[in-house]
Amino acid sequence: MNLPGKAGIIRVLLIDDSPLIRLGLRSALEDCPDIVIVAEAGSATEGLAAVAKHTPDIVLLDLHLPDKSGLQVCRELIKARPQAKVLILTSSSNERNVQEALSAGALGYLLKDNDGAALVGALRTIAGGQAVLDPSMASKVLNLVKHRGEPSAAAKLGQLSAQERRVVAFLAEGLTNKEIGDRLGLTEKTVKNYLATIFSKLNIARRTQAAALFVEANANSAP
């Protein structure tokens, strides 16, 4: 079913190599009046073609595909369509996969053992432009700070003002614009202006990419 342009409808493309998983996802989403699956694909090649054809609001993407990794697909998709929103849905709880997915531009990372309500909530959150991270993965991603450092990430963040770095730090905690504003005594509009400047300086398009840079950059200062 394809409902292009209908207000309030979240148009989703499924990319997963398991027909059984795709069937389960359809079943989990079929009773949601605001979510429509416009197409599905079982490989990276099929998925990228479907994205070009259907221009979905959100791509629900598995990491393990027969022809390319989901991370490669995410990078190619974001490069071709920076406005695209990607939610990784996978069985992999490897924290490095999470970090790499966020660096690639994904707006969310959710494990397949979550229930349908969690998936629906994640899709709605991402449709609104906010990031989603599986609750079981949040602490693992932050723990990367203790194990890995990227001087290039630190150098990039060095371009930012002290206040801009504070904003990025709160992004890494998963806070919304309003929550960041409350922490810093700023209006939500001012936070948005800060983010626009930060994204321009870092040459990125997503808040999750800024958060990933923060995690990597701070690794060097970890004991």
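The values are calculated or read from the model by the stated rules, or taken from the named source; none is laboratory data. Keep in mind the model is a prediction, meaning the values are calculated, not measured. Cβ coordinates were reconstructed from backbone atoms using ideal geometry, including for glycine residues, and neighbour counts include every protein chain displayed.
Within the range 60-78, does at least one residue satisfy the condition of being among the polar types (S, T, N, Q) and in contact (Cβ under 8 Å) with a residue 40 or more places away in the chain? Checked against the condition, which is being among the polar types (S, T, N, Q) and in contact (Cβ under 8 Å) with a residue 40 or more places away in the chain, the range 60-78 yields no hits at all. Within the range 30-45, residues that are more than 12 Å from Val73 (Cβ to Cβ) sit with their Cβ atoms under 7 Å from residues that are of a type in the set (Gly, Ala, Ser), at 6+ positions apart or across chains, in these pairs: Asp34/Gly8; Ala39/Ala50. In the set Arg81, Arg96, Arg75, only one residue is surrounded by fewer than 21 Cβ atoms within 10 Å (Cβ to Cβ) and touching a Gly at 6+ places or on another chain (Cβ under 8 Å); that residue is Arg75. From the list Leu123, Leu119, Leu144, Leu171, the one residue that fits, being at pLDDT below 80, in a helix (DSSP H, G or I) and surrounded by 18 or more Cβ atoms within 10 Å (Cβ to Cβ), is Leu144.
Could we say that Ala104 is crowded, with 23+ Cβ neighbours inside 10 Å and within 22 Å of Gly128 (Cα to Cα) here? Yes, satisfied. Criterion applied to Asp34, Asp67 was being over 23 Å from Val98 (Cβ atoms) and in the same structural domain as Ala80 (by TED's automatic domain parsing), and the one residue passing it is Asp34.
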